[in-house]
Amino acid sequence: MATTVHEPPKHDLERLPSQGSGNGGWRNLVPADGDLPRVKDHAPPPASTGIWVGLAAITMTFAAFTSALVVRQGAAPDWQHITLPSILYFNTLLIIASSVTLEISRRRVAAFMGGIKDRAANPARWLYITLALGVLFVAGQTFAWVQLKSQGFGLATNVSYSFFYVLTVAHALHLLGGLGGLVRVIAKLHNSVLRRSTLDATSRYWHFMGVLWVYLLFLLWMKL
Amino acid sequence: MHDMSAHAVPHGAPTSFIRKHVFSLDHKVIGKQYYALALLAALIGMALSWIMRIHLGWGSFAIPGLHLLSSTGAPGNVLTPEYYLQLMTMHGTIMVFFVLTTAPFAAFGNFFLPIQTGAEDMPFPHFNMMSFWVTFVGFWVLIASFFVADGPTLGGWTQYAPLSAIGSVGGPGQGLGVVLWATSIAIFCVGQLFGSLNFITTTLDMRCKGMSLMRLPLTAWGWFITSVMGLTAFAVLMPACILLILDHVAGTSFFVASNLVINDQVLPHSGGSTLLWQHLFWFFGHPEVYIAIVPGMGIVSHVLITNMRKPMLSHRVLIYSMAALAVLSYMVYGHHMFVSGMNPISSLVFSFPTLVITIPSTIVVLMWLGSLYGSKLRINSASLFALGFVSMFISGGVSGFFLAQPSIDIMLHATYFVVGHFHLVMGVAAMFGIFAGTYFWFPKMTGRMMNETLGKAHFILSFIGAYCIFMPFHYLGIAGNVRRYQAFTDDYLIPLIPVHKFITVAALVTGFAQLIFVYNLIHSRFKGAIASDNPWQGTSLEWSTATPPPHNNFGDKMPVVYHDPYQYSVEGASADFIMQTSPEKINSPNEEK
Ligand code: HEM
Ligand SMILES: [Cu+2]
């Protein structure tokens, strides 16, 4: 069922089981006497489950980095405290703003898909703004790395710096994935093949990157 | 708002050779690719074990052609001590990651999970394809370390720091070899994360009509539980490997302490924590051993039920026990670190869940034994290997009770006792699970039957052989024989050498018995008898589709499920088994809703 933004789908309650997998899902049990009830609820589209699974894996990865940081800090007397480059706080504002703009665009796209035309003018515009804010964030992070490096603080200067670079770079790499996702959403929107679940999954990922960054900033600020 | 996308778009059948057999999106092809990779890896791993065993039994014996592998590592065709350790590390790494994880989980799971859930494919076929190819690259990165200057790493599959992190002063393979090892494993983790993502969403979202969670076969449950473990465990090992790589290439000090002197050199690192690696590794490592075994538990249950013609005593208790193993497996990892210098209180804390985890293991075993008791088991290669699995799992598990207690483990740690323990409970048991699955599902995967006579011969030799190899390990361990030694020259070890010679002979014979299997596999693939759609009279969905299954698994009609997966010998039913897709009304006490 290729649903496009231009063509809202029919809510087909009469779907036959032969129409493909993915319509089973959580709750539609068939009683053992074989009496098939009407398919009342559709299963969540895999992308919306998949994104939570993916985020769980990313959470584990950063949890591992965090516990490594805690253990390593406790292990040795060589822990140096560092002052975080102040641009990080500015970057934080950028990424929070990008979440807001993404939410706006998500609503616009939803309105657009629902056919409410007047509230739906140019749904892509806010996506572009989100994208721009995301790119600025990465640029800002790069600035922070370059600045630290030029002050002579490299990856191996002290283990606090090692963790600083590892955590921020790992986050930025994941964020690049989110940027890729946004580009994909925009392209699909232009070709009128965007699905709601794709947009929702991408925005969940993006918001998660924001939350993760705030957490990391707090961790770095507290521990380093 | 409307729900805009009801389900993943199934991809059409591929037409080009590349799309069909190489970069395939079809979970069945990907499953076979994983199987082929695991087979290749297993053969390499086995060959390495032969070389090691010959060296341990007859240290000065020259193995013809060995210098071709490494002229410095095997001058005059005899292993140097370092090269012994390098081969041992590769053996362990290849077996644990590229055989025991890929075959039971990724290979069979890919092929059968979507079919057993009634799906056309996994929800994210591109991730699935990447999962295999990423793993493939990881494998060759690891193999590449055989061919770099001083060969592969010698640190053991656990790669304890600081040895793994200090670079080439640590010995041959400790520079580039470790970097390749850690890169390979990090890549492998990515591949398995993609796989787990697909497995979890397939199980939750792609089930066909009527397939409630409790109606999933035990195999599907095994893979689902394993994928949850995989998602969390590999997501921790990957960052650990990244930190290890950084200690090598960027001069960081995550794992190397200050002022460490190795081979008269003071290392430039400062303040690193050697225990940190062990924590990260075993947080992954213990779940990993269950990642290797839980799919086998599912396969073995499935095979036994089909051949007993009756369900397990309790479907649910088996599922809950496997889930309990998964949860507990995260709380016990410290039992690998009893003698690491960790706080003794922590040892106590980890010892308790380690003893608790024996409870679900025991329940699973009792379920098997209790269900087998009094049943008329059909004897064939698949059911024999399933029985073998149960036997190995018990024999290897019993030693776990001893190791779980810090006071006993202090003596047994790092001896052959541990080697015996994990080879039986994980290595051989999981291999037997793979064999059971192969003999059972080969007809569905290829459309041809395997040769039963060869299969039974393979079983008898493997079963006896495995006990001859791994039981004496326990004895050696109790006698104090330390592991990871390449020669036994101490006074107290010399009397044990005959035992080692016996083990070596047993290993060679058992190894050759595996060639029967390989022959059977290849011969049956082309010359075996044509298989019917349901040769074992099974009930789950893989048996209700064609052999081999069409591209979208079920042809033009998706299945609808009416029964729990194991309706065998139901009173008053029309046949001795009722397929999940049969709309026949039955009155069965163990019907899952
Ligand atoms: C009955 C439950 C089990 C208990 C209580 C148990 C306990 C232990 C303990 C305490 C150790 C550490 C020994 C040492 O290094 O000194 C150990 C090692 C090991 N166990 Fe188990 N185990 C159990 C089941 C299993 C299972 C089911 C598997 C695999 C499927 C497994 C695989 C391993 C491996 C691979 C090692 C050694 C790793 C190494 O050092 O290279 N164990 N076990
Ligand atoms: Cu363990």
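Looking at region B:57-161, the chymotrypsin sites (Phe, Trp or Tyr not before Pro) that sit in a DSSP loop and have at most 15 other Cβ atoms within 10 Å of their own Cβ are B:W58, B:F61.
Neighbour counting of Cβ atoms within 10 Å sorts the residues B:V99, B:V505, B:V179, B:V300, fewest neighbours leading, into B:V505, B:V179, B:V99, B:V300.
When the alpha carbon gyration tensor of region A:87-165 is reduced to an equivalent ellipsoid, the three semi-axes, largest first, read 39, 10, 8 Å.
In the calculated pair-distance distribution of the protein assembly as shown, the portion above 39 angstrom amounts to 42 percent of the Cα-Cα pairs. The ranking of B:V266, A:V138 by Cβ neighbour count inside 10 Å, starting from the fewest, reads B:V266, A:V138. Taking the Kirkwood radius as Rh and the Cα radius of gyration as Rg, region B:115-211 has a ratio of Rg/Rh equal to 1.21. Cα centroid separation, region A:44-62 to region A:130-187: 22 Å.
Ordering B:H55, B:V249, B:P550 by Cα displacement along the dipole of the protein assembly as shown toward the positive end leaves B:P550 in first place; charges were set at the Cβ atoms of Lys, Arg (+1) and Asp, Glu (-1).
Its relative contact order, with pairs defined as Cα atoms under 8 Å and 6+ residues apart, puts chain B at 14 percent.
Can you pull the Kirkwood radius for chain B, inverse mean 1/r over Cα pairs, to one decimal in Å? Hydrodynamic radius (Kirkwood, Cα pairs) of chain B is 24.8 Å. Quick one: Cα centre-to-centre distance for region B:84-141 and region B:461-486, in angstrom? Cα centroid of region B:84-141 versus Cα centroid of region B:461-486: 29 Å apart. Derived from the Cα gyration tensor, the three semi-axes of the equivalent ellipsoid of region B:176-268 are 43, 11, 9 Å, largest first. When only alpha carbons are used to place a centre, region B:152-221 and region B:382-429 end up 22 Å from one another. Of the three principal axes defined by the Cα atoms of region A:147-224, the extents in descending order read 50, 24, 14 Å. For B:Q567, the residues 5 or more places off, or on other chains, whose built amide H falls under 5 Å of its own are B:I578. Mean partner shielding of peptide B:245-256, defined as the number of other chain Cβ atoms within 10 Å of each residue Cβ, is 4. Computed on region A:45-223, the Cα convex hull volume stands at 101 Å³ per residue. Every pair of different Cα atoms in region B:280-351 enters the Kirkwood calculation, which places the hydrodynamic radius at 14.0 Å. A 23 angstrom limit on the alpha carbon distance is what I want to check against. Which of B:K20/B:K444; B:K28/B:K376; A:K188/B:K20 exceed it? Violating the 23 Å limit, Cα to Cα: B:K28/B:K376; A:K188/B:K20. Phi-derived couplings, Karplus 6.51 cos²θ - 1.76 cosθ + 1.60 at θ = phi - 60°, listed residue by residue for region B:135-147: 4, 4, 4, x, 4, 6, 4, 5, 5, 4, 5, 5, 10 Hz, with x used for Gly and Pro. Among the chymotrypsin sites (Phe, Trp or Tyr not before Pro) in region B:341-416, those located in a DSSP loop and surrounded by at most 15 other Cβ atoms within 10 Å of their own Cβ are B:Y373.
We did not get these values from a lab; they are worked out from the coordinates using the rules stated. What you see is a predicted model, and the numbers here were worked out from it, not measured in a lab. Every residue, glycine among them, receives a Cβ derived from its backbone with ideal geometry; neighbour counts consider all protein chains shown.
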